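Here the structure comes first, spelled out in structure tokens, and everything after it is commentary.
Since every read-out is calculated from the coordinates, none of them should be taken as a lab result. Since we're looking at a predicted model, the values are computed, not measured. Here the Cβ positions follow ideal geometry from the backbone for every residue, glycine too, while neighbour counts run over all protein chains shown.
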Amino acid sequence: MTRYSRITGTGSFLPPDLVSNADLVERLAKQGVETSDEWIAGRTGIRVRHFAEPDVCSSDLGLQAAQRALQAAGLSPQDIDLIIVATSTPDMVFPSTACILQNKLGANGCPAFDVQAVCSGFIYALTVADAMIKTGAASRALVIGAEVFSRLLDFKDRTTCVLFGDGAGAVVLEASDTPGILASDLHADGQHVGILCVPGHVSGGLVTGEPMLRMDGQAVFRLAVGVLEETARAVLAKAGKTAADIDWLIPHQANLRIMHGTAKRLKISMEKMIVTVDQHGNTSAASIPLALDFAVRSGKVQKGQTLMLEGVGGGFTWGSVLLTY
Ligand code: ACO
């Protein structure tokens, strides 16, 4: 019998500090940085984002999301035999955020590791978990996207600091006789490292370089729309499906204009797109599982429906997962 993997529970968590565009305008003005709600909402669709308190780490946000996903799946931490955390804002240089989260969760003993593919991280992590379940290496995985991107923001750079937020989302992925995940498609092109990066590292007890998010927004925009269409078509072809089969498109939530562009190219109605970027900003690897959990808990996504998850981010990385929920 073919072994598949299936999402059996979702969860998410947002830190309580809700920062509206108006709040951000006020905070930035104190530093002499000028922006406006009209510019932010008009160019990106973002209206509010959440920022974590200084002592809160990705593992803390991820833990809450994981506990909610476990509850939704009717499982306890001891039932889990694999933990993968997608993050670009780890608690420490090492050990992995997955190990730290595992200990907080009380699921000690199972394999736990991080995946670093920036905003495509959750798509990468879900694909790895699916592959491990299909080979029998795992049966019940927690796949988590957790970020505190606010830590990487240069609040003097208005072209980036208005775009991002903090949060976490998680799914429980279990072995199943029926699919489940139908197909995945992953890509990276390292020649574009420089258009979206945090060019700093730890050396000799110091942080060297520039440990702040730097982005060529227009280059990212141009690349993102093209690769999101390509990966969507590729994953549909692998699964023998067409865009008409998709009930819900759940893309990385970076910018409403990129999302509109993707929907238009794929000829998918915006009615079938899950949009949370207005409420969360860009939470990088957390954005897709956050949007998925919101769609599930709001009753939009129903059992048996076909979902396409799509990510794109620094690296440059991109990919998609097509699944029956
Ligand atoms: N408030 C007010 N004005 C601003 C702001 C701001 N926050 N930021 C930039 N501007 C100004 C610029 O200074 C410029 O002014 P000028 O014309 O006087 O020089 C003007 O707005 C236009 O700037 P552009 O950079 O050309 O604006 P653009 O239309 O390209 O929009 C944006 C910028 C929103 C960043 C866009 O390029 C974009 O969405 N890119 C994709 C970014 C993205 O999605 N990144 C994440 C994806 S991958 C990942 O998630 C990690």
Exercise for review: Output the antiparallel fraction of DSSP beta bridges having both residues in the chain, as a percent to the nearest 5.
Suggested key: 75 percent
**Study point:** the chain - percent relative contact order, Cα under 8 Å, separation 6 or more
**Key:** 26 percent
Exercise for review: List the relative contact order of region 117-271 as a percent without decimals, with contacts defined as Cα pairs under 8 Å and 6+ residues apart.
Suggested key: 18 percent
Revision key, fill the gap. Computed over region 4-178, the relative contact order (Cα-Cα under 8 Å, seq sep at least six) in percent reads 35 percent
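Can you give me the Rg/Rh ratio for region 4-178, using Cα atoms for both radii and the Kirkwood formula for Rh?
Using only Cα positions, Rg/Rh for region 4-178 is 1.05.
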**Study point:** Kirkwood hydrodynamic radius over Cα pairs of region 1-105, then Stokes diffusion coefficient at 37 °C and 0.692 mPa s, in µm²/s
**Key:** 199 µm²/s
Point to revise | Dimensions (Å) - region 247-325, Cα atoms, principal axes, largest first | key: 33, 25, 21
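What is the order of H280, H192, fewest Cβ neighbours within 10 Å to most?
H192, H280
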Check your understanding: What net charge do the residues around L223 carry, taking every other residue with its C-beta under 11 Å from that of L223, with Lys and Arg at +1 and Asp and Glu at -1?
Key -> -2
Check your understanding: For region 4-17, in order, what is each residue's ³J(HN,Hα) by Karplus, 6.51 cos²θ - 1.76 cosθ + 1.60 with θ = phi - 60°, in whole Hz (x at glycine and Pro)?
Key -> 10, 10, 9, 6, 10, x, 10, x, 8, 8, 10, x, x, 6
Practice item. Give me D for the chain in µm² s⁻¹, whole number, from Stokes-Einstein with Rh from the Kirkwood sum over alpha-carbon pairs, 10 °C and 1.306 mPa s. Key: 81 µm²/s
Point to revise | Vicinal HN-Hα couplings computed from phi for region 88-94 (Karplus, 6.51 cos²θ - 1.76 cosθ + 1.60; Hz; Gly/Pro x) | key: 10, 10, x, 4, 9, 4, 7
**Study point:** Cα centre as origin, Lys/Arg/Asp/Glu Cβ charges: the chain dipole, Debye
**Key:** 740 debye
Exercise for review: Calculate the dipole size of region 4-178 relative to its Cα centre from +1 charges on Lys and Arg beta carbons and -1 charges on Asp and Glu beta carbons; express the result in debye to the nearest 20.
Suggested key: 180 debye
Check your understanding: When you count, for each residue, the other Cβ atoms within 10 Å and take the mean per peptide, how do 162-171, 5-14, 175-184, 234-243 rank with the highest first?
Key -> 162-171, 5-14, 175-184, 234-243
**Study point:** Cα-centre dipole for region 138-207 with unit charges at Cβ (Lys and Arg positive, Asp and Glu negative), debye to 20
**Key:** 280 debye
Practice item. Provide the three semi-axes, in whole Å and in decreasing order, of the ellipsoid equivalent to region 182-324 as defined by the square roots of 5 times the Cα gyration tensor eigenvalues. Key: 29, 17, 14
**Study point:** Tail weight of P(r) past 23 Å, computed on alpha-carbon pairs of region 103-196, percent
**Key:** 40 percent
**Study point:** Under Karplus coefficients 6.51, -1.76 and 1.60, residue-wise ³J(HN,Hα) of region 222-239 in Hz, glycine/proline x
**Key:** 4, 5, 4, 4, x, 6, 5, 5, 4, 5, 4, 5, 5, 6, 5, 4, 4, 8
